[in-house]
Structure formats: structure tokens, C-alpha cells
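Input: a single structure, listed below in C-alpha cells.
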Amino acid sequence: MKTSLFLFTFAAIIALVSTARADDALLRFRADDASLVRQDGRVVAWKNSGSLQGEARAVRGNPGRFAQGDVLAFSDARLEFLAPEGFEKLRSWAILAVARADEPLSIGLLSSRDAAAPLVQLDFDENENARFIARDRAGRTLRAAIPAPKGENFVVAVSFHTNEEGVSRARLVLNGTSKETIGKLEFPLWTRRLQIGGLEFPGQYFNWRGRISDVLFYDKSLSDDELDRLVADFAKERSIDLSRETPRAPDSWNVLERPRFEGAPDRELEADVCVVGAGSAGCAAALAAAREGARVLLVERQKRLGGTGTNAFVSNWEGGPGDAIARELFERMKKLGGAGVAKEYPHDQIKAPMGLKIVDENEPYENSLSRAFPPEGGYRSVAYLPDAFDKAARDMLLETERVEILDETTFFQAEPNPAKNRVDSILCETSAGKIVRVKARVFVDSTGDVWLCRSLGIKTRLGADPRADFDELGAPEFGDLTLNAIARCYLIEPRENPTRQLPVDAPFPQCAYVSGWLDGPRAVNMLTSLPGASLIELGYDECLRRTEAIVRAHWSWLQSQPGFENYELTQIAPMLGLREGYRVDAKYVLRESDLARGWENQPHNDMIAVADHPCDIHGEGGKLTSVKTAYGVPYRCLIPNSDFTNLLVACRGAGFSKIAASSCRLQRTMIQLGTAAGIAAAWATKENGEVEKIDVDVLVRKIDARANYPVPVDSRK
């Protein structure tokens, strides 16, 4: 059923419902003297009113203290009661609460869950949002979040309804702001155990720390008007200003928030090819273009070349194919003493999920070139030092005598021609605050989050794609903003008398992926530091600030594990490890079926890269699905589906669905994309800059991507 028809049906149902009042609620918890049970002057339980009879009792910790006559304040508490039979089958309901959250990671305005699925939850999350989540047993999720004021009272409400075809609609309201989410869920969702306050997880305990004045639960959905009226009534009663918005500080990372620059630049530069972003793909693009004879300008906002690998300390090439440039980088880094092929190292004493890859100098590079068909003993990876990559890449670029590197220089504005079919120039700002205009015949967007494309207004995608867009069985029926998790990595080194990290009060995952040398430096990736959506909800600067405490808490735990006692934290990555962001809508979008078919069965004649990594999504909504063999990436994935003729994209934001991007986002795959984009860009300078006019057949033969895979691509496990 189409959304419009569903909403019409939903509205028709709601029209039959009489106007809801607070007294109509199936369940009401209200913090007043009549609702509290005391013993020896101490609150020991909180009665509910309405048709659910009995008492809600504290299950863990002090159930709370009566404060200010109208508020139940919680500290390390959870209240729980059993709902009647059949409650878990409810397909329509509404929740409304008045609360104040004093800390992030406060959970439990109202919750029903035994595990991660199924669940219904209205909470205050680590990103300081009021968040509503409903998830069925298959993992299908409806989620909506609205920034909430910390330390202040707010009114939050949800109305939920599922029609006969299984399409659900939830509307989340916080003060004067609302968000809607629609999708399909299977029932039951509720369990009989309903909770107000903290939630207990195996091995970890989250608490509600704040105050709840009122919780209403209706066993029917409410119309938008009814919900808004109840919110307004509660706000008036509690003197809450509904018009006030939660302010968010400017985000220095988001270059698109800058005011448009109209003045004269301090400097102007020209080149045949301009590559924006010097990550794995950007370095390869600049090098390949220069080796094809083009004059290249490479723009990079960080000090080190290498992007996520060197600035976010994801200094590890997972097992999988790479091209000649990747091999040359490896050989140069190894000669510097900063790289080696690593294999799994025993760590049985660590009672936590742990990947420990240690360099073995006897392991050949060839053993790292396949993930789907690993050598005996498991797949190999390449560990390297960030400074070694920067040195090797910088030397390779400068040796061409055709590349000018503008590091510590941030792109912030694209300048198209009047017809808006070519990029004439871009504007950048140096670390000294000088504005530089760069003119070029061809541009390559290697910024990761496709900042250049977004500055031009080119269509992009973010989050999960609706299943119908690419006919992907693994995609949700309705798209959503679930993103691959953010990691903040750090470096450790052995010391004779290492500094001990004191415990830090911050949540962290007790798991890690560690790569490096047996008695030498190692990079630590805790895999999930923050949910991916944090980048959207909080901004980059706030995520960077929060994850520093998470890193120190994680290292305090890891330093206590066998094999890490004599190590010391030496540096926290200056950049977030982002696995996912915006992706451009390209001439072709790589999708789940491409990965499943493999190279031999993909209907493309323009493949310029090869990969074989699993679909790897960390965090909420994640899956880890192996691919059976290597697959290819078409050249069309590098061409934005727009009117701009002199623009290519080579980074994780190229033409991939979310599912495909989770597989081919690895660094050596990005190097392959950069190599293809650089060669194509150099050739396009002779075709009036038009990247679609190059001889793609010749490009495919020159790259010969299939030859980079050491196993026959038609193999099957």
C-alpha cells in the first residue's frame, strides 16, 4: 500500500476515536503522594493508576526519592510491572511522558524488552535525543529521534498504529517538534514486562538519572491533534516552553554550513586535474593522473596524507585485493619499517571478543590479497604505521614532479560555470586562514562524504536505501537513517614502566580489533564508539569530544587484559573513523545483487576494481554476510548522475547502495577506485574534460582489475 493511502486510512481510523483525555489512559504513573508507597519514610514502590492493577516495584537499587512534591527522581533505579495477557499483541498505542534527563545514556521513560528484539522503547539516548524505537524479532526497526534539552523538563509523546497490511506509522513529538517514521513490523512487539527507569543488560547496566513527573499509556493510537493537545496541556501544567528549540553549536567539520564566499581569493592556482581529499582513493587518483602526464593539485584538510587510515588510525588493510599502487605503497612502507603482513595471534586469555593481528615478517604480501579464499590459518591483513603511509605516499606523489600538495587546506565551496554543467573552480582555506581558488579541467571528489558533489547540489543518499530502489533483499522496505557505527581509534606502544590509565566513567564496548607488532606499536579499534547517527544528530565536533572519554575508558579496560599490561596509550586519533556517510547518486549504483553474482555473472563491461569483502555493518541494523567470490565495480559508479561533465567521485561516497558500500569501502578497494579515476581524469583533459567521453574499453584493459585477484573469480566455496 502506498504511503498516501495508508495515511488516509490511518486518518479515517483516528477520526472515529473520541478526544483523548489524561483520565482515559490505560496506565498512568504520576509522581504524587497518592502514587507512592513508603516504608520507614523511604519510597519503596510506585503505584500505577488506571486499569492495570498492582504495584510497580523497584527491581534494582534504590527505587527513588520523592522530590519537590511533584517529581519522582531516579538514581540507579528501575520500576517494573507485569502487563495483562494479550498486551504484547497491541498494534496501536500512545505514550506520553513529562521528564527531565540529567545525563546521556539515560534509558527508560517506558520500555518493554527482554533482549534486542522485539522491543518497544522511549528513552533519552547517548546523543541527548528523546528516541522512540520499535523493533520486531526479524530486526526490522522503526526509529525516530529529536534533540532534547538536558537538565530541563520536556514533554515527549509517541502515537503508534499498524494497519491491516502490517504498515506501521509512529509519530514522535518533543515539545513543539515532531518526526514521523513508517515501515513494516511483525507482531508481537511488546513483552509482558514493562519498565520505567533503567534497563538491565547482560554485563552492563544503564540507568535513568533524572526525573519523571508523569507517564501515560493508551491502548489506542491518538490523532495528531489529540497528541498535540495533550502535549500542550502537560506543558502548560509544568510551565514548559514548547516554542524553545534545543540549540546546537556550529560544526567546524561541516564545510557546507559556511556562508558563501564572494570576495577575491588570496591566491589562485591552476591544474589539469584537481583531486579533493587525500585519503586512500585521493592519493591514488593524484598519483595515477600525474603518471598519465596531467598536472595535479591535491587538496587535503589534515596534516597527514591517507585519510581514515592515517588520521583516524584505521591503519590496517583488511584481507582483499589491491592494485599496483597499493603494492608499491606497501613495499615502500615496509622498507621504512612501517608495514607488514599480519595474521591472527592467539589471545585465549582475553575473555572478550578480540581480533589480534600481529605482523609476521615471513608472510608474503600475496597472502593478504583475498578474503573470500584466505590461505591456511585464516585471512591476512596489512598493518602499517600512519607516518609510514604519509611518507611513502608523499614521496611517490612528489617524485612525479607533477603534483602540488595543499595539505592542511580545507575545501569549502564549489564554483560551477553559468550553465551548471562544469565545475570551473573550487575555494579552499589554508590553516593560516588564506583563501585559495583552484581551477582545473577535471575534478575528482575523494572527500569521503562527497563534500564537493554536495556543494554542487548533486543528489546524494544517506542511510539505508528502500528495498524497492535496487531490489535488495537485505534492505529495509522503507529507507531510514541508520548508519554504520563510528570508531575512535588509538595507538599504543610498549613501555618499561607504562602509565596506567585511571578508570573513566564512560560507556564503551568490551571488544577490540588490534593490529601491529608483537613487541611494538599497535593500533586499537574498539569497532563501535558511537552510533553512526551521532554524526547527524550531534555534529562532528561533539562526537570527537565525547569519544575521547570513551577511548580512555576503553583503554583502562584493555590495559588490564593479558598481553597489554606493558603497553601505554600514546595517541588518540585526531579524526573519527567514519565507515559511512553521504553517497552520490551515480550513473550506476553498485548493489547487493552485484556482490551476490560475482564478477563472472555481473552484466557490466566497464569494471575497474575488484573486491571480495563481506558486507560489514557495525552497530544498529548491522549484518555481516560473506560474499562467495570476487565482484567488480563499474566505472559508471564513479560518475555522478548529474549534468556536470568534468567530475568524478572516488571514495566511499561513490555510487554504492548502503549494502554494497559496507563491503567495498575498504582502503585497498578505494585505492583501486582512485587509480581508475586518476587515469580517466588525465585522459578526459584531452576530451574537453568530459569524463564520459574517454575510451572506457581501453581504460578497462589498462587497469585489468581481474588480474589483481589471486584466485579465479568464478570460484565458489
- prompt: From H604, H554, which residue is part of a loop (DSSP other than H, G, I, E, B) and either modelled with pLDDT of 95 or more or open to solvent by less than 20 Å² (accessible area, probe 1.4 Å) (or both)?
  reply: H604
- prompt: Can you pull out the residues in the stretch 137-148 that are surrounded by fewer than 21 Cβ atoms within 10 Å (Cβ to Cβ) and at pLDDT 85 or above?
  reply: I146, P147
query: Within the bounds of the stretch 265-277, is there any residue that is touching an Asp or Glu at 6+ places or on another chain (Cβ under 9 Å), more than 13 Å from V438 (Cα to Cα) and not hydroxyl-bearing (S, T, Y)?
result: yes
- line: Those residues of the stretch 557-571 which are assigned to a strand (DSSP E or B) and surrounded by fewer than 17 Cβ atoms within 10 Å (Cβ to Cβ) amount to T570, Q571
query: out of contact with any helix residue (DSSP H, G or I) (no Cβ under 6 Å at 6 or more places or on another chain), closer than 21 Å to A660 by Cβ and part of a strand (DSSP E or B) - does that describe any residue in the stretch 503-526?
result: no
- prompt: Out of A682, A705, A676, which single residue is in contact with a Phe, Trp or Tyr (Cβ under 8 Å, 6 or more places away or on another chain), at pLDDT 95 or above and either open to solvent by 30 Å² or more (accessible area, probe 1.4 Å) or hydrophobic (A, V, I, L, M, F, W, C) (or both)?
  reply: A676
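Can you pull out the residues in the stretch 685-702 that are more than 13 Å from N646 (Cα to Cα) and open to solvent by 20 Å² or more (accessible area, probe 1.4 Å)?
D695, V696, D697, V698, V700, R701, K702
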- request: Being closer than 27 Å to L491 by Cα and surrounded by 24 or more Cβ atoms within 10 Å (Cβ to Cβ) is the filter; apply it to the stretch 387-408 and report the residue that is nearest to the chain's Cα centre (by Cα).
  value: F389
field: Where G539 falls short, out of the listed (1) in contact with a Phe, Trp or Tyr (Cβ under 8 Å, 6 or more places away or on another chain); (2) on the phi < 0 side of the Ramachandran plot; (3) at pLDDT below 95
entry: (2)
- prompt: Looking at this structure, is A372 at pLDDT 95 or above and of a type outside the set (S, T, N, Q)?
  reply: no
- request: Go through (1) at positive phi; (2) surrounded by fewer than 24 Cβ atoms within 10 Å (Cβ to Cβ) one by one and return the number of the condition G306 breaks.
  value: (2)
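Restricted to the stretch 347-358, and to residues that are outside any loop (DSSP other than H, G, I, E, B) and of a type in the set (A, V, I, L, M, F, W, C), which residue is surrounded by the fewest Cβ atoms within 10 Å (Cβ to Cβ)? Full working, then the answer.
Step one: of the stretch 347-358, the residues outside any loop (DSSP other than H, G, I, E, B) are 354-358.
The next check asks that each one be of a type in the set (A, V, I, L, M, F, W, C); those that pass are 354, 356, 358.
Numbers: M354: 18, L356: 20, I358: 20.
So, considering only residues that are outside any loop (DSSP other than H, G, I, E, B) and of a type in the set (A, V, I, L, M, F, W, C), the one surrounded by the fewest Cβ atoms within 10 Å (Cβ to Cβ) is M354.
Within the group E568, E537, E580, which residue is closer than 27 Å to S280 by Cα and not hydrophobic (A, V, I, L, M, F, W, C)?
E580
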- prompt: Name the residues in the stretch 423-475 that are farther than 26 Å from R579 by Cβ, among the basic types (K, R) and open to solvent by 50 Å² or more (accessible area, probe 1.4 Å), would you?
  reply: K434, K439, R441
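The values are calculated or read from the model by the stated rules, or taken from the named source; none is laboratory data. Since the model is a prediction, treat every value here as computed from it, not as a measurement. A quick note on method: Cβ atoms are made from the backbone with ideal geometry, for glycine too, and the neighbour counts reach across all protein chains shown. Note: accessible area is taken over every heavy atom of the protein model, side chains too, but ligands, DNA and RNA are not part of it. Shrake-Rupley method; radii C 1.70, N 1.55, O 1.52, S 1.80 Å.
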